[in-house]
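The values are calculated or read from the model by the stated rules, or taken from the named source; none is laboratory data. Fair warning: this is a prediction, and the values are worked out from it, not measured in the lab. As a convention, Cβ positions derive from the backbone with ideal geometry for all residues, glycine included, and neighbour counts pool all protein chains shown.
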Amino acid sequence: MPDIASEVLRRRTFAIISHPDAGKTTLTEKLLFFSGAIQMAGTVKGKKGGKFATSDWMEIEKQRGISVASSVMQFDYREHVVNLLDTPGHQDFSEDTYRVLTAVDSALMVIDAAKGVEEQTIKLLNVCRMRHTPIVTFMNKYDREVRDSLELLDEVESVLKIRCAPVTWPVGMGKTFRGVYHILLDQVILFRAGQGPLDDVEIIDGIDNPRLDELFPLEIENTRMELELVRGASHPFVLEEFLAGTLTPVFFGSAINNFGVREILDALVDWAPAPAPRDATVRSVAPQEEKFSAFVFKIQANMDPKHRDRIAFMRVCSGEFTRGMKFKHLRLNRDIAANSVVTFMAQGREQVEEAYAGDIIGVPNHGNIQIGDSFSEGEALAFTGIPYFAPELFRIVRIKNPLKLKQLQKGLQQLGEEGAVQVFKPLNGSDLILGAVGVLQFEVVASRLLNEYGVEAIFESTSTYTARWVSCDDAKKLADFEKNLGNNLARDAADSLAYLATSRVNLELTQERWPDIVFHATREHA
Ligand code: G4P
């Protein structure tokens, strides 16, 4: 029987994050390629090439060439089990992305070195910072003319507020990209385009090795000078600071050329944390505990149009999952016979035989599982920290054919539970109001309502400016608030009460007038 503690120790679960076009998909593919999980490049990527990727399930993704769904891939590397969670890069899906970040223990940040720190990266890093997630940084596209490397580090430090510890350093760039110098090992790894996982890399020991001056005198001289500055301007790598999320090891390379990829995988395995204890309402749950527990961070419908199923993605938090075992859906107090639980390998889904803390498993279901739900072998544990974010965009939904009202309600209920959009039912009136973080979410909802529920919906603008979930320790005061402001109040898919403000001023005035009511910009699953 496998020993749970050692299985936990060899797990690494990380998300890959970046601004769109920085090279996340390319790097994901190369990581899988390096680990041997896929044989040839091209399995993950395929957005623009006509061959669709493992992660691009939905029609809208095909049309737009964006990855809406976050996908999960597991592979082995150096005696470790690595779970890689992709995050939708498009800014309109940031809410989903944020929740993926609650299911990982570390993150790999990809930066396009020609562009530097971009907007979406800033937002994602804010979430990582809140959770003290350790970050590994990859500066990509050194086969092109990129920005000055020191300037890039400076930008990461000042904009993302995280200290940089370069572990490798580029030798040249663009046409004269020669390789990287590994600062900790004092080795120069020579650049070769399209290097395979089994290919020998050419390594030259010592930054002062005269062989380097023979090969590329100009670039190496320049690198030596830069390294002097780097020593003064950056920070040495300190494992504890990385684990605390205050310092990021920085690597340089070119994903498309497989260059620099091995070093990242090694860093993740050597330095990134194994699964840690997770907070639940009653206590903290340690990963090596014997009993199984997990929480749902994402639900996705109809991943495979042939099956028309909904998959709840769960992160295992403790114990051992074995095929056929039973576990409890705590919110509904109902057993789940997990015969059809799946795992996600690079090549597709497979039945899970066993899973441990850090692993992501998928449970097909018919709509009774919600984001944030916890599962255990019986103990009443509710994992905390899986947020819903207050939407920033609102629309009223109307339907062309009133006879389809039932289908509309069912569709929105399910899409709301999935987290594809937030659905608010005003206390007064019969309209349904949709809330989203990005405008593309509405398009996804419209397209899915039509394709999956046969409902043609029209979205109209509303006077709602923002939403805040409300709570109050004093039930009488809350009832009073409800009575007075009924026209601005609504319940969401989880039946939580929300105040729909018509403007920032309106929100501020209401907060001033009702000092006992607490207004929340995020809602955690109850
Ligand atoms: P994303 O998932 O972060 O959005 O980025 P993706 O991997 O799709 O990469 C965005 C573009 O950057 C792609 O080019 C990709 O080929 C290119 N790219 C990725 N890594 C590197 C690199 O190391 N060097 C260079 N020079 N380019 C890189 P595209 O033209 O948009 O797509 P495609 O036509 O190549 O598929």
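The set of residues in the range 375-390 being crowded, with 23+ Cβ neighbours inside 10 Å and either more than 12 Å from Lys298 (Cα to Cα) or without any contact (Cβ under 8 Å) to a residue 12 or more places away in the chain (or both) consists of Phe375, Ser376, Leu381, Phe383.
Under the condition of being among the hydroxyl-bearing types (Ser, Thr, Tyr) and under 12 Å from Gly253 (Cα atoms), the residues counted in the range 141-180 number 3.
Per-residue answers, yes or no, for (1) crowded, with 21+ Cβ neighbours inside 10 Å; (2) of a type in the set (A, V, I, L, M); (3) in contact with a Gly (Cβ under 8 Å, 6 or more places away or on another chain):
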residue: Asn126; (1), (2), (3): no, no, no
residue: Met139; (1), (2), (3): yes, yes, yes
residue: Tyr142; (1), (2), (3): yes, no, yes
residue: Glu145; (1), (2), (3): no, no, yes
residue: Asp148; (1), (2), (3): no, no, no
residue: Lys161; (1), (2), (3): no, no, no
residue: Phe177; (1), (2), (3): yes, no, no
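Within the range 200-214, one or more residues are out of contact with any Cys (no Cβ under 9 Å at 6 or more places or on another chain), assigned to a loop (DSSP other than H, G, I, E, B), among the aliphatic types (A, V, I, L, M) and over 30 Å from Asp3 (Cα atoms). Of the residues making up the range 14-57, those that are near the ligand (Cβ under 7 Å from one of its atoms), closer than 21 Å to Asp112 by Cα and either at pLDDT below 50 or among the β-branched types (Val, Ile, Thr) (or both) are Thr25, Thr26, Lys45, Lys47, Lys48.
Here is a yes/no grid of residues against (1) surrounded by 19 or more Cβ atoms within 10 Å (Cβ to Cβ); (2) modelled with pLDDT of 95 or more; (3) in contact with a Lys or Arg (Cβ under 9 Å, 6 or more places away or on another chain):
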{"residue": "Phe442", "(1), (2), (3)": "yes, no, yes"}
{"residue": "Arg448", "(1), (2), (3)": "yes, no, no"}
{"residue": "Ala457", "(1), (2), (3)": "yes, no, yes"}
{"residue": "Glu460", "(1), (2), (3)": "no, no, yes"}
{"residue": "Ala494", "(1), (2), (3)": "no, no, yes"}
{"residue": "Pro515", "(1), (2), (3)": "no, yes, no"}
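Quick one: how many residues across the range 203-254 are at pLDDT below 95 and touching a Gly at 6+ places or on another chain (Cβ under 8 Å)? Of the residues in that region, 0 qualify. In the range 458-469, the residues that are closer than 17 Å to Ala493 by Cβ form Cβ pairs under 7 Å with partners that are basic (Lys, Arg), at six or more places apart or across chains, as follows: Trp469/Arg523.
When Ala286, Ala294 are screened for being within 26 Å of the chain's Cα centre (by Cα), in the same structural domain as Glu320 (by the TED database) and without any contact (Cβ under 8 Å) to a residue 60 or more places away in the chain, only Ala286 passes.
For the range 222-253, filtering for residues that are more than 25 Å from Ala276 (Cα to Cα), out of contact with any helix residue (DSSP H, G or I) (no Cβ under 9 Å at 6 or more places or on another chain) and among the aromatic types (Phe, Trp, Tyr) leaves 0.
The residue pairs whose first member lies in the range 167-180 and is touching a residue at least 12 places away in the same chain (Cβ under 8 Å), whose second member is of a type in the set (Val, Ile, Thr) and in a helix (DSSP H, G or I), and whose beta carbons are closer than 7 Å, counting only pairs six or more residues apart or on different chains, are Trp169/Thr223; Trp169/Val230; Val171/Ile220; Val171/Thr223. Within the range 150-195, the set of residues being of a type in the set (Lys, Arg), closer than 20 Å to Leu243 by Cβ and not in a strand (DSSP E or B) comprises just one member, Lys161.
Restricting attention to the range 85-108, the residues being modelled with pLDDT under 85 and among the hydroxyl-bearing types (Ser, Thr, Tyr) number 4.
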